[in-house]
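Comments concern the structure below.
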Amino acid sequence: MDFEPKILGIACNWCTYTGADLAGTTRLKYPQNLRMVRVMCSSRINPSFVFRAFQLGADGVLIGGCHPGDCHYGTGNMYARRRLAITKKILEFAGLEPGRFRVEWISASEGNRFAEVVTEFTAAVKGLGPQTKLKVSHDG
Amino acid sequence: MLKKIEQGKLSELVTALIDQGPLYAPVRDDRGVNFQSIRSPLAVTLDFYNSVLSPKAVFFPQSEDLISYRLGRGEPTAKTTPLPTAQTILLGVRPPDAYSFFLMDELFLGSGIVDPYWQSRRDLTVVIGYPFINQTPDAVDFYSSLGISATDTRGSDIFLIKKNGELLFKGLTEKGNALLAKQAALFTEATGDDEQYYLAALAQGAAIVTRNLDCDPKRTASKLENLFADTAFWEQMAAACISCGTCTFVCPTCHCFDIADENIFRDGARRRFWDACMFTDFTLEASGHNPRSRVYQRLRQKVCHKYSYYIRNFGVISCVGCGRCTRSCPVNIDIFTIIAEAMKK
Amino acid sequence: MTAFKEIEKKLIQQAKELLERGEVAQVIAYGRGYDDQHPMPYVAKTVADADNLVFNEFCTFNLVGYLMRCPPGIKVAIVVKGADSRAVVQLIQEAKLRREDLVLLGIPASGMVDQKTGKIIDAQTTGGQINPVLCDYLLGEEKYGRTESPYQVLKPLEVMGKDDRWQFWQNELSRCLRCFACRKACPMCYCDPCFMDQSRPRWADKSPTAEGSIMYHLTRFYHLAGRCIDCGNCSRSCPVDIPLYLFHKKLAQDCEEMFGQAAGMRIEDKPVMVDFRVEDTDEMLK
Amino acid sequence: MQNPYIPMPVEIIKVVSEVDTNEIKTFRLAFVNKEDENNFQYLPGQFAELSIYGKGESPIGIASSPTEKGYLEFTVQRAGTAVPGLVTTALHDMTEGARLGIRGPLGNPWPIEFLEGKNIVVVGGGFAFTTLRSLVNYMLHEDNRKRFGNISVVYGARNPGLLCYKGELGSWCQRNDLNVCVTVDKGDAAWEGKEGFVPTICKDAAPSSENAVAVICGPPIMIKYTLPVFIGLGFSKENILTSLEMRMKCGIGKCGRCNVGSKYVCKDGPVFSMAELDRLPRDF
């Protein structure tokens, strides 16, 4: 059977989540591997969410926020960028494949970009195979 | 029963013991020596002073599942983890540590309800003691202050002593002799000369003196009881304490634990695992009240539990003077010094 | 460079003066432990106490964490080495300490020795910062000149493949006992309660599972990113010698490269993780 | 030998919400296995660990009396400000028919033999009345009543809505073999009973200390002010009993959490006389 990665998406309410909605309403096709969680702002994302997602079996984590400068709250994503940059460095230095974690700025009007990013990221994660390093092994 | 084997044949013996059941023995890595479950006979070392962590984990693992369960829409299904049944051998235990098992028996077996985990592991395990012989005691050890000799047989089933290129094994208990008998093929019978050597070695080891402190159990207990309310004294003793759990985790007689249910999705286990009275949230109650919110109160609890409460309950000091807490303390707090200061008061 | 004995003499003298004049309520420094190789943190409250102060190559423990126990408004003197002074600066940036409450007794310390291994730790496990970045009294001559980069020790890990590096950290972190000496020794770990002690949400298992330990350490590495001043307290305190300093150093290096600012160098700075610049680019996310 | 760490299964057969806020409920539990029920021999004052898989265990005093056969009752407050009560919260969400686990009985009961032949003054405050209720019901049972002298009960809560066991209090008031005084700090429009704090009420009632024992349970603040009242009335510290609250885990004196001096609250307590508490270090 083909490997179908589990991907966690964490998207900001105002841009990326709305962009995902747009992708849906315009009936754009993108892989179903993404499970989305909506947060009010990308700066709401605690890096521990990302570590925990990988532990609980995510093969990839995709984070979406407003374009820098366009944050609904003014500067939230500017902070988020720094935090997520460090998160990426931590995962990398711990030895996780860097390709499993991605941050993208997708605005509410970029439905096709959302579909593109998800398609591309899913393919990339698929290429990396199952994530086994952080995943907690348990029965069942 | 005294048996012997050439030192070169140790790995053969270890292999035979592994076949009999889990074997725990000292293993050296770049951070020092610790007791580990042995898979390769070459890993075992007998060339060490003492392990960084005490061997108590063999009887009282840092974490163990009591019950595993699966949660679902209906009633959860639960399975009790069976008690251990495999015969276990613990090789290379220093006399103070072997004696610590005796001290822990008081609590786990001798006070009210018997702890089934401790009991089954104690019953199943043969302890091969490894007395200190020809060894200068470490500067922080103080086991002789507590009436434990470097060749104390209490707690050991077999004694292991090195004799120029040979290893002497002396069976001390029925359990120990049975083990030696079972491996008889590997051993040669000891000669009268070996008997002499063994006795001489014991006598030589028994003469080892560590740093010394007069701490008669009854007197120490009442001393600390009177000192309990002396906040200034305890604040001074705990001035440097950072309230981590290092001392309690390396200690052979610390036995506090926590029980918690931990789940991953629908699967989980009720676990018991080491906890430490030095942690801030150890006594934090649901109401938010914490009777030991200050560092000095927690250090006082640790010291008094060992040198006062345990004496009142069981008549013995719950410390073997192995020096581990002092060696591992990030800020070099020394329980010997604390007791010495307390006795001066 | 000034000899340790000389520094110790100056320290005792300075502590006496400060206590005598009533300028400070206490002096946080080192005293004798159970032997000379194992000094202990010590608080001198009277002039007579000051005679008990010591300073030698084994005084590696960063004392700044003890300042968090002192109530604000009471003036306290504290001995700071290079990295320790950065901890003070960082905590002032984070509004946890007030400059006016502190008298800093700076010690340019090189040749400091790990009590366990007997090895010199200067640029190895600590940041190689010899001169204090901030102090009121300097108890010794400053030392200048090129020293080894504090990031030199990262080289072997950087050239490692990611799978080997994962194995490396897996091996190291699975040794963790959860005694929490690292977080208790760390001057920057002051959260109450720590995320590990929270029960809702429960971030990681309370029992020492391997995954829980990884969660604990990765999150702690993150919490210290841009704040770790590389004093090495965490690693020296660890009873099972996990080289936590390597990860902290790596993130310190990344922060310096990405955000152009090292932790605890200037009081006016803002910690990089609660700050941003308009010049920040997506380059950092690559 | 029964493993003391493994809970026995019980089923909830009745849930009663005790107070207006729904924060305190009484759960009636029946053993699933008859054998467990026979083994569970307890006396008033003892407690048990209630266990819910996935959440953990919580030590709760037994509110029913051993004279009530076929079930156990536990009055549980949805607890936790500092440490969120995972177990109590989950328990509050459970309904009749649900199953959970129980370990016990644990701890020392109220010293029944010591109380026999004496006049008993029971003083309770708020939700800490649970094991006192057990004691009162035990003493009132027809087989036991004559073993004890006069029984008086003083029970208080902050307001009428926070009184537990309302129906039972009513039936106690009907009886002539005990003296019940229910009070609230502040009444409401419908309240016809007494108003006032427990210590004041006790002072006014002034029970005789002659051959009498006071059994007091309540919030720390109530105990703090009630204790001097009884000392003033001439009760000796040996004759004032209370039940200690302390964080407990294993319930059998091993885990070290509830250790105070040479005592383990879970094993040597939770019932102590004031004289015994005075001998313990001030560490609770």
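For the residues of C:217-223, the average number of beta carbons from a partner chain within 10 Å of their own beta carbon is 6.
Counted without the sites themselves, the longest stretch of chain D free of GluC sites (Glu not before Pro) in a DSSP loop having at most 11 other beta carbon atoms within 10 Å is D:1-95. The charge dipole of the protein assembly as shown, taken about its Cα centre with unit charges on the Cβ of Lys, Arg, Asp and Glu (plus for the first two, minus for the last two), comes to roughly 400 debye.
Rolling a 1.4 Å probe over the heavy atoms of the protein chains gives segment C:197-286 an accessible area of 35 Å² per residue.
In segment B:39-187, if the dipole is taken from +1 on Lys/Arg beta carbons and -1 on Asp/Glu beta carbons about the Cα centre, which of B:98, B:54, B:40 is farthest to the positive end? Value: B:40. Around the Cα centre of segment A:27-79, unit charges on the Cβ atoms of Lys, Arg, Asp and Glu (plus for the first two, minus for the last two) sum to a dipole of about 220 debye. Reported value for the protein assembly as shown: 216 Å³ per residue, from the convex hull of its C-alpha atoms. With both labels modelled 7 Å from their Cα along Cα-to-Cβ, the residue B:154 to residue D:6 distance reads 3.4 nm. Legend note: in chain D, cysteines whose Cβ sits 4.7 Å or more from every other cysteine Cβ are D:164, D:173, D:181, D:202, D:217, D:258, D:266. Solvent-accessible surface of protein heavy atoms, probed at 1.4 angstrom with all chains present, puts D:194, C:119 in the order C:119, D:194, largest first. Among the cysteines of chain B, those with no neighbouring cysteine Cβ under 4.7 Å are B:215, B:241, B:244, B:256, B:277, B:304, B:319, B:322, B:329. Among the listed pairs C:206/D:224; A:133/C:155; B:223/D:118, a Cα-Cα separation exceeding 30 Å is found for C:206/D:224; B:223/D:118. Tell me, how many Å apart are the Cα centres for segment C:251-270 and for segment B:165-212? Using only Cα atoms to place each centre, the spacing works out to 62 Å. A Stokes-Einstein calculation at 4 °C with viscosity 1.567 mPa s, built on the Kirkwood radius of segment A:40-140 over Cα pairs, returns a diffusion coefficient of 90 µm²/s. What a 1.4 Å probe finds exposed on segment B:93-222 is 53% carbon and sulfur by accessible area, rounded to a whole percent.
Rounded to the nearest 10 square angstrom, residue D:268 shows an accessible area of 40 square angstrom against a 1.4 Å probe.
The share of accessible area on segment A:29-140 that comes from carbon and sulfur is 48 percent, using a 1.4 angstrom probe.
Label positions at residue B:230 and residue D:112, each projected 7 Å from the Cα along the C-beta direction, are separated by 4.6 nm. A Förster distance of 45 Å, applied to the separation of the beta-carbon atoms of residue C:120 and residue B:19, puts the FRET efficiency at 0.45.
Spatially, segment D:47-68 and segment C:189-218 are offset by 28 Å when compared through their Cα centroids.
Placing unit charges on each Cβ (+1 for Lys and Arg, -1 for Asp and Glu) gives chain B a dipole about its Cα centre, and among B:130, B:11, B:78 the Cα reaching farthest toward its positive end belongs to B:78.
When the surface is traced with a 1.4 Å probe over the full set of protein chains, residue A:132 keeps roughly 110 Å² accessible. Accessible area per residue (1.4 Å probe, heavy atoms of protein chains only) ranks C:166, B:118 as C:166, B:118, with the largest value leading.
For segment D:133-187, the relative contact order is 41 percent, taking Cα pairs closer than 8 Å that sit 6 or more residues apart in sequence and dividing their mean separation by the residue count. Ranked by solvent-accessible area (1.4 Å probe, protein heavy atoms only, all chains present), the residues B:3, C:155 order from largest to smallest as C:155, B:3.
Annotation for residue C:13 and residue D:95: the two label points, set 7 Å from Cα along the Cα-Cβ direction, are 8.2 nm apart. A simple charge model with +1 on the Cβ of Lys and Arg, -1 on the Cβ of Asp and Glu and nothing else charged puts the dipole of chain C at about 640 debye relative to its Cα centre.
Over the C-alpha atoms of chain B, the Rg to Rh ratio, Rh being the Kirkwood estimate, stands at 1.00. Mean partner shielding of peptide C:174-187, defined as the number of other chain Cβ atoms within 10 Å of each residue Cβ, is 5. Within the full protein context, the accessible area of residue B:191 is estimated at about 60 Å² for a probe radius of 1.4 Å. Mean residue ellipticity at 222 nm, helices only, the protein assembly as shown: -9000 deg cm²/dmol; runs of at least 4 DSSP H residues each add -39,500 (n - 2.57), and the sum is divided by the number of residues.
Just want to confirm a number: the relative contact order over chain A, from Cα pairs under 8 angstrom separated by 6+ residues, in percent. So the answer I get is 37 percent. What is the Cα centroid distance between segment D:96-165 and segment A:103-126, reported in whole angstrom? What the calculation gives is 65 Å, centre to centre. Toward the positive end of the charge dipole of the protein assembly as shown, with +1 on the Cβ of Lys and Arg and -1 on the Cβ of Asp and Glu, the farthest Cα among B:184, A:45, B:117 is that of A:45.
Would you mind telling me which residue in D:56, D:101, D:193 has the biggest mean-square fluctuation in a Gaussian network model of chain D, where springs connect alpha carbons within a distance under 10 angstrom? Taking springs between Cα atoms under 10 Å, the residue moving most is D:193. Among the residues of B:284-296, the average count of other protein chain beta-carbon atoms within 10 Å of the residue beta-carbon is 5.
Structural descriptor for segment C:97-256: relative contact order 23 percent, calculated from alpha carbon pairs under 8 angstrom and at least 6 residues apart.
The values are calculated or read from the model by the stated rules, or taken from the named source; none is laboratory data. Just so you know, these numbers come straight off a predicted model, no measurement behind them. Neighbour counts run over all protein chains shown; Cβ positions are idealised from the backbone, glycine included. Quick note on the areas: whole protein, heavy atoms, side chains included, nothing else; ligands and nucleic acids left out. Shrake-Rupley method; radii C 1.70, N 1.55, O 1.52, S 1.80 Å.
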